[in-house]
1. Extension gain residue 109-residue 202, at 0.36 nm per residue separation less the Cα-Cα distance, in nm?
2. If I take all pairs of Cα atoms in the range 7-249, what percentage of them are more than 25 Å from each other?
3. Filter the chain for me: DSSP H helices, axial length by Cα at least 15 angstrom, mean Kyte-Doolittle hydropathy not below -1.0. List them by residue number.
4. Write down the Kirkwood hydrodynamic radius of the range 124-169, to one decimal in angstroms, obtained as one divided by the mean of 1/r over all alpha carbon pairs.
5. If you stretched the chain out fully between residue 241 and residue 56, how much longer would it get, using 0.36 nm times the residue separation minus the C-alpha to C-alpha distance?
Amino acid sequence: ARTRRPLIAGNWKMNGLRADGLALAKGVADGVKQAGWSDRDVLVCPPATLVLAVAEAVKGSGVLVGGENCHAKANGAHTGEIAAEMLHDCGATYVIVGHSERRADCGETDAIVRAKAEAAWRAGLVPIVCIGETLAEREAGKTLSVLETQLKGSVPAGSTAANLVVAYEPVWAIGTGKTPTTPEVAAAHAHIRKVLGGLTGEAAQFRLLYGGSVKGSNAAELLAAGDVDGALVGGASLKADEFLAIAKAA
Ligand code: PEP
């Protein structure tokens, strides 16, 4: 039996107008209600424009709602940004921080990601801190050292298994259909847990998600890898049936 409660999280990215976003949310909510799971968490992270409507649409189903990103500050002169407090106000309980697309497209450093994780706490949200190596880093044999550096820089002091989740997302596996082997995933997760242990003293209960080309057909195998406690799902979270199949595999 699992000692850690699995978390299956969907990252919708920049996808979803109101009609299709709400239909997707309702599809996930209906499936989760029908399944009646009491042993796993299912989370959807829609674009910020849909957080409020999705939170209202899934109310009572057990489906959790999160943001895809937040700013480090609670308010102020930051045009176009969204505070963790605003996400919380709209019904979110989680927020993804440090996704590799934001690290690459928006120049988010480990220090910025750490500040965003702290902002999540300030607002009452659980941050999902994303880390992962590039293909060049993997080929150079640097995967574990890259993950260690990212963890040390991105995971704030005060992190506990209850207030923070880590997602391992190899950059080269995101949206590519490529995945690491099960032993490669297990090795990365074991190292992440070890480093978290050094940082926090309580690594055993932390939830570590794998992300990168997870779909219904490979979820069972990836989720069975050692130290994997769930998945962060991009493309396959945009279809309710596919996402529910992944949640079922947890
Ligand atoms: C992601 O971006 O978090 C992700 C895992 O994407 P995909 O599932 O599409 O590879």
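1. 31.0 nm
2. The proportion of pairs with Cα distances above 25 Å equals 36 percent.
3. In the chain, the long hydrophobic H runs are 18-35, 110-123, 143-154, 182-200.
4. Details: mean 1/r = 0.0876 Å⁻¹.
With all distinct Cα pairs of the range 124-169 included, I get 11.4 Å.
5. 64.5 nm
Where a number appears in this text, it was derived from the coordinates with a stated rule and is not lab data. This is a predicted model, so every value here is computed, not measured.
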